[in-house]
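The values are calculated or read from the model by the stated rules, or taken from the named source; none is laboratory data. Note that the structure is a prediction, hence the values are computed from the model and not measured. Cβ atoms come from the backbone with ideal geometry, glycine included; neighbour counts cover every protein chain shown. Heavy atoms of the whole protein, side chains included, go into the accessibility calculation; ligands, DNA and RNA do not. Shrake-Rupley method; radii C 1.70, N 1.55, O 1.52, S 1.80 Å.
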Amino acid sequence: MAIWNLGSVNADLVYRVRHMPTPGETLSAYDHQKGLGGKGANMSVACHRAGSHVEHIGAVGEDGTWMKDRLATYGVKVGHLANLPGPSGQAVILLDDAGENEIIILDGANRDITEAMVDAALSRAKPGDTAIFQNETSVQDHFARAARAAGLRLAYAAAPFEAAAVAAVMEHLDILVMNAVEAEQLEAALGQPPEALPIADVVITLGGEGCRWINTATGTVRTFAAPKVTPVDTTGAGDTFTGYLIAGLDQGLAMEAALEMAQKAGALMVTRLGTADVIPTRDEL
Ligand code: ATP
């Protein structure tokens with residue numbers, strides 16, 4: 001089957017610093033890298049490296065042709081990734097020696113995706129395909145409704161977190177993936193725990209502690225421990241995890257097996273510096 005990913009594409013501008021700058025402080029970075037990133041691009045690459053066919057729906061700006069080319073080189077289908085006027089999305093990422101990160105995002109072309117672009121892409125989808133999206137693009141509500149109407153399985157990574165964005169698409173979702181902080185924020189905003197959401201499967205990632213799977217139909221809650229690794233850079237761990245999880249399900253794995261594969265990929269990812277470019281392949285797991 002195919003995975004249709006409405007997602008952001010960003011130039012990741014990574015600066016390594018000894019410590020995070022305090023307000024008013026000017027700090028020299030001791031290393032710099034420019035890479036392909038954005039939650040959407042990361043998830044597309046993760047889905048492909050996990051062995052699935054991925055169609056990326058999105059947009060880059062005038063300065064973004066290299067990112068479109070790189071996604072294509074990586075095997076992601078870019079026929080529905082538009083070139084638009086104006087700047088591409090970008091992320092300025094500060095990474096300190098403790099492995100912590102601070103990130104500033106410019107949305108750029110990611111916020112100029114139109115409903116017509118989504119409709120043109122999804123008109124090619126087949127029932128049984130999977131649609132995924134995150135929170136860094138425009139037209140998410142339209143995408144959720146259109147994917148549902150097309151008979152696709154719909155998964156959503158609620159990051160960066162906005163309670164209103166989750167509430168707007170909740171009724172259409174089959175799978176919701178959040179990290180622990182996002183899950184707490186959602187519970188506080190909606191006044192109900194994940195078990196009470198109208199979504200068949202809710203997955204909460206717990207960083208080095210692993211992940212929790214809530215199947216709301218049966219009321220089952222299961223926690224899975226993560227492989228033990230020494231983290232170098234946690235950027236992209238969640239995207240890698242989600243991409244592998246959705247690819248596993250797309251390829252017919254049961255939830256437990258897909259979660260186990262996603263955890264291996266997430267754990268390996270935190271041992272690497274960088275984002276989309278260094279997402280592990282399935283052979284490397
Ligand atoms: P990020 O925003 O940094 O990409 P996130 O907050 O969305 O990540 P996490 O919960 O930190 O997501 O991590 C996602 C998954 O990656 C975890 O469920 C786990 O499988 C794996 N992972 C993350 N950190 C570690 C770690 N320190 N050791 C082992 N596995 C990890």
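Pick out the one residue from L36, L81, L71, L94 that is in contact with an Asp or Glu (Cβ under 7 Å, 6 or more places away or on another chain), touching a residue at least 24 places away in the same chain (Cβ under 8 Å) and under 26 Å from A2 (Cβ atoms). It would help to see each step written out before you state the result.
Working: L81 fails: in contact with an Asp or Glu (Cβ under 7 Å, 6 or more places away or on another chain); L71 fails: in contact with an Asp or Glu (Cβ under 7 Å, 6 or more places away or on another chain); L94 fails: under 26 Å from A2 (Cβ atoms).
Result: L36 is the single residue among L36, L81, L71, L94 that is in contact with an Asp or Glu (Cβ under 7 Å, 6 or more places away or on another chain), touching a residue at least 24 places away in the same chain (Cβ under 8 Å) and under 26 Å from A2 (Cβ atoms).
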**Prompt:** Which pairs do you get when a residue that is open to solvent by 10 Å² or more (accessible area, probe 1.4 Å), found in the range 122-144, comes within reach of a residue that is acidic (D, E) and at pLDDT below 95, reach meaning Cβ atoms under 6 angstrom, with the pair 6+ apart or on two chains?
**Reply:** none
**Request:** Could you look through the range 173-187, keep only residues that are touching a helix residue (DSSP H, G or I) at 6+ places or on another chain (Cβ under 8 Å) and assigned to a helix (DSSP H, G or I), and pick out the one that is farthest from the ligand (Cβ to nearest atom)?
**Result:** E187
**Item:** Where a residue in the range 253-280 is within 16 Å of V232 (Cα to Cα) and its partner, wherever it lies, is of a type in the set (S, T, Y) and within 13 Å of the ligand (Cβ to nearest atom), with Cβ under 7 Å and at least six apart
**Value:** A265/T240; A265/Y244; G266/T240; M269/T240; V270/T234; T271/T230; T275/T235; I279/T240
**Message:** Exactly one condition in (1) hydrophobic (A, V, I, L, M, F, W, C); (2) surrounded by 20 or more Cβ atoms within 10 Å (Cβ to Cβ); (3) at pLDDT 95 or above is false for I93; which is it?
**Reply:** (3)
**Unmet criterion (only one of (1) assigned to a helix (DSSP H, G or I); (2) of a type outside the set (D, E); (3) within 18 Å of the chain's Cα centre (by Cα)) for V78** = (1)
**Request:** Output the qualifying pairs, or none if there are none: Cβ atoms under 8 angstrom, residues six or more apart or on different chains, first residue in the range 218-234 and closer than 21 Å to D277 by Cβ, second residue modelled with pLDDT under 95 and more than 10 Å from the ligand (Cβ to nearest atom).
**Result:** V232/R272; V232/L273; D233/L95; D233/R272; D233/L273; D233/G274
